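See below for the structure under consideration.
The values are calculated or read from the model by the stated rules, or taken from the named source; none is laboratory data. As the structure is a prediction and not an experimental result, all values here were calculated from the model. Cβ atoms come from the backbone with ideal geometry, glycine included; neighbour counts cover every protein chain shown.
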Amino acid sequence: MKFRGYLIILTISAITLSFLFFVAPVSASGVGVSPSHLEFGNNSSSFNSILYVINTGERDSLYRLYVDTEYEDWFNISPDELLLAPDQVAEVQVTVSTPWFTSGEHTAYIRVISFEATSDLQVGAGIKVPVYISTGGYLLALIIGISVIALVVLILSTYLVWRRRSRMRRKRLEAQ
């Protein structure tokens with residue numbers, strides 16, 4: 001019975017240690033970012049945010065930032081290339097402009113790749129930063145809104161014309 005208790009404790013300890021050592025950190029070798037993801041809400045067709053790139057390595061590193069090709073027309077990343085000293089942090093402006101007819105939930109990834117600045121061998125480390133974009137078809141909503149207003153104006157003007165003609169008929173009938 002004692003052996004079984006030790007076995008259970010040993011198993012729990014092994015599982016706990018494996019989680020501590022094998023959980024993927026937010027930064028890889030030489031590169032870190034903050035925040036770990038970006039979220040853009042449903043209040044506009046253009047969104048802005050700041051992404052901080054951190055050199056967690058021990059040498060100067062060159063960083064390149066880019067987006068999936070599917071969404072590259074939506075993004076403006078400035079600057080998209082950085083040179084950082086160890087422990088230096090840079091601010092990167094991320095602007096997302098969604099097309100007018102786009103609606104729904106979208107997930108894109110900003111890739112932050114680091115290379116040693118002094119190395120001819122271009123082996124680097126990188127991070128994928130998820131970008132969650134929630135959009136509504138703004139132009140479509142605008143067109144629907146204008147159409148509803150036009151329909152209300154048309155119905156109201158038709159009613160007013162009908163009412164005016166009805167009054168004029170009554171006056172003619174009373175005059176006879």
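With respect to Thr16, is the statement that it is more than 21 Å from Ile127 (Cβ to Cβ) and either modelled with pLDDT of 90 or more or not small (Gly, Ala, Ser) (or both) true?
Criteria met by Thr16.
Could you grab the pairs with beta carbons closer than 9 Å, sequence gap of 6+ or different chains, first residue in segment 106-122 and closer than 14 Å to Glu72 by Cα and in the same structural domain as Leu38 (by TED's automatic domain parsing), second one in a loop (DSSP other than H, G, I, E, B) and at pLDDT 85 or above?
His106/Trp74; Ala108/Asp68; Ala108/Glu72; Ala108/Trp74; Tyr109/Asp68; Ile110/Asp68; Arg111/Asp68
Only strands (runs of 3 or more DSSP E) wholly contained in segment 25-87 count here; list those with 1 or more residues that are modelled with pLDDT under 85 and surrounded by 14 or more Cβ atoms within 10 Å (Cβ to Cβ).
Working: elements: 32-34, 38-40, 46-54, 61-67, 75-78, 81-84.
It comes to 38-40, 46-54.
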